[in-house]
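Participant: The following block contains the structure, expressed as structure tokens.
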Amino acid sequence: MGNSIPFDTKQVFIGGHWRRGNSGRTLALIDPSQGTPLADIARGDATDVDAAVQAAQAALGGAWGRLTATERGRVLMTISAAVLAQADELARLEALDVGKPLKQGRADAVALARYLEFYSGAADKVLGHTIPFANGYTALTLREPHGVTAHIVPWNYPMQIIGRSVGAALAMGNACVLKPAEEACLTALAFARIAHEAGLPAGALNVVPGLGEEAGAALAAHAGVRHISFTGSVAVGALIQAAAAKNAVPVTLELGGKSPQLVFDDAALDAALPVLVNAGIQNAGQTCSAASRILVQRGVFDAVVRRMAERYRGLRGGPALTDPDVGPLISARQRDVVQGYLALVVDSGLTVAAQAPLPAGLPTGGCYVAPTLVAGVPAMHQLAQEEIFGPVQVVIPFDDEAEAIAIANGTAFGLVAGVWTRDGSRALRTARQLHCGQVFINNYGAGGGIEPPFGGVKHSGHGREKGFEALYGFSTLKTIAIKHD
Ligand code: NAD
């Protein structure tokens, strides 16, 4: 299994055609497992973005716009099957580009295929209503596409995020312009190829790689864009919402998190343990919904820390192509950010409960950080408040339910929470009081579910993607009132 890339990476995809970006300039992708150059990608600019929006508009007035909802669904199903058939290759590209362990990359490719399958089936099932109204009238509602939708995605889960946002937008009949992250965009390019070969009409999906502040900002500000789906940091999310406000377009913001898992004294620890750790170190902790705070009731605190520590010591790190438990971080910059947080552990006199040993002989330029478990962290400490986006989990003790809820709700974020207890009433009572978009009881993440809606509150964003709910976000409601005596 080599590191060759079987297509020209330096291109934009606009109106069904591959070509160089107008500026002719490129950006370098780095393989984070090795710290060496991997490929060059196009540095798309405002003129490429404008061409992509125009191509999307043409698609809406052309072959793509003429398809029925059922026909759109069939196209998505064909693409889904093609993605699944190429899941191993997509996983290899993601391993090279993101540093994602092969099994995790394959799971992302399968999730992409599943999103397309789900939205394929849903495309012709989005119904309107007839509304009781005045005599002599019939009033009804229709769900219509926004038109051109912008999709600005990060580097951590490109395939899953493309699946949930582009998949839902296409199902509703929108035409998409996708701006992948400059750090990692090979699977976005590969996906565009797969979709095109599977019969997606020209212009329904356009891809313009480039810098966030250049291609991304141009896309967010483009007057032809009618909806923006953004997944990324809180700071950039605010810029996107400001740009959208100027054109009065709706936005979906999927931002960061500092998600807690609450472990009560009566929790089934054998079931909880692997989930507590995996939800923190998966994708080297670079997951918006990472369970980065583990809140543990005092009666089981020591046992949970001890058993989590044992698991940490057994974690295997290494280059993504060796399919380790934990691969490198995306970049040297991100590695330095996480190292900065680890320095805080020492400076604050906190206890490192365990650190996974990194194997000897790792490439010196690789972006590796040893997964680290920190126990007994005060709830308001910086490590327990800020999104670290690395393989670091903090464990926080609590006395009772009220304190657990107060700590869980006590950050700027509100994305996901997990609750572990055998007491059904407590589970539901707690779930109802947590300020976040999703609560998992005696599990975390529901296996990455495609069907349950997903999104946050507070600084974790607003709007919902995934599941049927996303189809409402990627459409607009028209009311028709007919007077007929
Ligand atoms: P980022 O905000 O820096 O970048 C995300 C995307 O925005 C990239 O494509 C980037 O090029 C683009 N961008 C950057 N500046 C821009 C600008 N001025 N205008 C328009 N676009 C711009 O985020 P990141 O560091 O790549 O990703 C990590 C963040 O994403 C974390 O905070 C993480 O929690 C969050 N995230 C959230 C979810 C979710 O579903 N809630 C999922 C994955 C990641």
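The values are calculated or read from the model by the stated rules, or taken from the named source; none is laboratory data. Not measured: the values here are computed from a predicted model. Backbone-built Cβ (ideal geometry, glycine too); neighbour counts: all protein chains shown. Side chains included, ligands, DNA and RNA excluded: accessible areas come from the protein's heavy atoms. Shrake-Rupley method; radii C 1.70, N 1.55, O 1.52, S 1.80 Å.
Participant: If I model a spin label at Lys478 and Arg20 as a point 7 Å from the Cα along the Cα→Cβ vector, what separation in nanometres do I get?
Facilitator: About 4.3 nm separates the two model spin labels.
Participant: Could you report the chain's accessible area per residue, 1.4 Å probe, as an integer in Å²?
Facilitator: Working: 18280 Å² over 485 residues.
That works out to 38 Å² for each residue.
Participant: Working out 0.36 nm times the residue gap between Arg316 and Thr364, then minus their Cα-Cα distance, what length gain in nm do you get to one decimal? Write out the running numbers ahead of the final one.
Facilitator: Details: separation 48, 0.36 × 48 = 17.28 nm, distance 1.74 nm.
Difference between extended and current length: 15.5 nm.
Participant: Now for a separate question. Towards the positive end of the charge dipole of the chain, with charges on Cβ (+1 Lys, Arg; -1 Asp, Glu), say which of Pro378, Phe191, Gly257 has the farthest Cα.
Facilitator: Projecting each Cα onto the dipole axis, the largest value belongs to Phe191.
Participant: For Thr130 and Ala58 in one chain, what is 0.36 nm times their gap in residues minus the Cα-Cα distance, to one decimal in nm? Spell out each step's value before the answer.
Facilitator: Numbers: separation 72, 0.36 × 72 = 25.92 nm, distance 3.19 nm.
Going from the current span to full extension adds 22.7 nm.
Participant: Dipole magnitude of the chain about its Cα centre, charges +1 at Lys/Arg Cβ and -1 at Asp/Glu Cβ only, in debye to the nearest 20? Provide the component values of the computation, followed by the final result.
Facilitator: On the way: 39 positive and 41 negative charges, 135 e Å.
Charge dipole, the chain, about its Cα centre: 640 debye, nearest 20.
Participant: I want to check the label-to-label distance for Met380 and Thr68. Put each point 7 Å from Cα in the C-beta direction and report it in nm to one decimal.
Facilitator: Between Met380 and Thr68, the simple spin-label model gives 6.2 nm.
Participant: I would also like to ask the following. Rule-of-thumb check for the chain: C-alpha Rg over 2.2 N^0.38 Å? Provide the component values of the computation, followed by the final result.
Facilitator: On the way: Rg = 23.0 Å, N = 485, 2.2 N^0.38 = 23.1 Å.
Scaled against compact globular proteins, the figure is 1.00.
Participant: In whole angstrom, and with the biggest value first, how far do the Cα coordinates of segment 68-174 range along each principal axis?
Facilitator: Its Cα atoms span 64, 24, 19 Å along the three principal axes.
Participant: Holding the Cα-Cα limit at 22 Å, pick out from Lys179/Lys458; Lys100/Lys179; Lys179/Lys478; Lys125/Lys466; Lys258/Lys458; Lys103/Lys179 the pairs that are longer than that.
Facilitator: Values: Lys179/Lys458 25 Å; Lys100/Lys179 20 Å; Lys179/Lys478 29 Å; Lys125/Lys466 16 Å; Lys258/Lys458 12 Å; Lys103/Lys179 25 Å.
Among Lys179/Lys458; Lys100/Lys179; Lys179/Lys478; Lys125/Lys466; Lys258/Lys458; Lys103/Lys179, the Cα-Cα distance tops 22 Å for Lys179/Lys458; Lys179/Lys478; Lys103/Lys179.
Participant: Additional query: Would you mind telling me the antiparallel percentage of the DSSP bridges in the chain, rounded to 5? Before the final figure, lay out each step's value.
Facilitator: On the way: 30 of 67 bridges.
If we restrict to bridges inside the chain, about 45 percent are antiparallel.
Participant: Per residue of the chain, what 222 nm ellipticity follows from adding -39500 (n - 2.57) for every DSSP H run with n ≥ 4, rounded to the nearest 500? Could the numbers behind the result be given before it?
Facilitator: Details: 16 runs with 187 residues, N = 485.
Here the helix-only value at 222 nm equals -12000 deg cm²/dmol.
Participant: How large, in percent, is the carbon and sulfur part of the accessible surface of segment 12-255 at a probe radius of 1.4 Å?
Facilitator: Working: 4870 of 8470 Å².
The computed percentage sits at 57.
Participant: Suppose R0 equals 60 Å. What FRET efficiency, 1/(1 + (r/R0)^6) with r the Cβ-Cβ distance, do Ala268 and Ala28 give to the nearest 0.05?
Facilitator: On the way: r = 48 Å, r/R0 = 0.80.
Taking R0 as 60 Å, the efficiency between Ala268 and Ala28 is 0.80.
Participant: How far, in nm, would the chain grow between Leu140 and Ala332 when pulled straight, counting 0.36 nm per residue and subtracting the alpha carbon separation?
Facilitator: Working: separation 192, 0.36 × 192 = 69.12 nm, distance 5.51 nm.
Value of the extension gain: 63.6 nm.
Participant: Also: Simple spin-label model, 7 Å along Cα-to-Cβ: Glu197 to Leu84 in nm?
Facilitator: About 1.8 nm, to one decimal.
Participant: Run the accessible area of segment 260-449 with a 1.4 Å probe and give the carbon-and-sulfur part as a rounded percent. Walk me through the intermediate numbers first.
Facilitator: Working: 3750 of 7250 Å².
Heavy-atom surface of segment 260-449 belonging to carbon and sulfur, 1.4 Å probe: 52 percent.
Participant: Show me, bin by bin at 10 Å from 0, the whole-percent P(r) of segment 273-365 based on Cα pairs.
Facilitator: Calculated P(r), rounded to whole percents: 13, 45, 35, 6, 0.
Participant: Oh, and also: Can you run the Rg to Rh ratio on segment 12-255? Use alpha carbon positions and the Kirkwood inverse-distance Rh.
Facilitator: On the way: Rg = 18.1 Å, Rh = 18.2 Å.
Ratio of gyration radius to Kirkwood radius for segment 12-255: 0.99.
Participant: Projected onto the charge dipole of the chain (+1 at Lys/Arg Cβ, -1 at Asp/Glu Cβ, origin at the Cα centre), which of Val12, His129, Ala402 gives the Cα projection farthest towards the positive end?
Facilitator: Of the candidates, His129 comes out farthest on the positive side.
Participant: If the convex hull of the alpha-carbon atoms of segment 260-449 is projected onto planes in all directions, what is the mean projected area in square nanometres? Could you put the intermediate results ahead of the total?
Facilitator: Values: hull surface 41.3 nm².
Answer in nm², one decimal: 10.3.
Participant: Another question about this same structure. Once a ≥ b ≥ c are taken as the square roots of the eigenvalues of the Cα gyration tensor of segment 282-322, is the result rounded (a/c under 1.5), prolate (a/b larger than b/c) or oblate (a/b not larger than b/c)? Each step should come with its number before you reach the end.
Facilitator: Numbers: a/c = 6.28, a/b = 1.64, b/c = 3.83.
Oblate.
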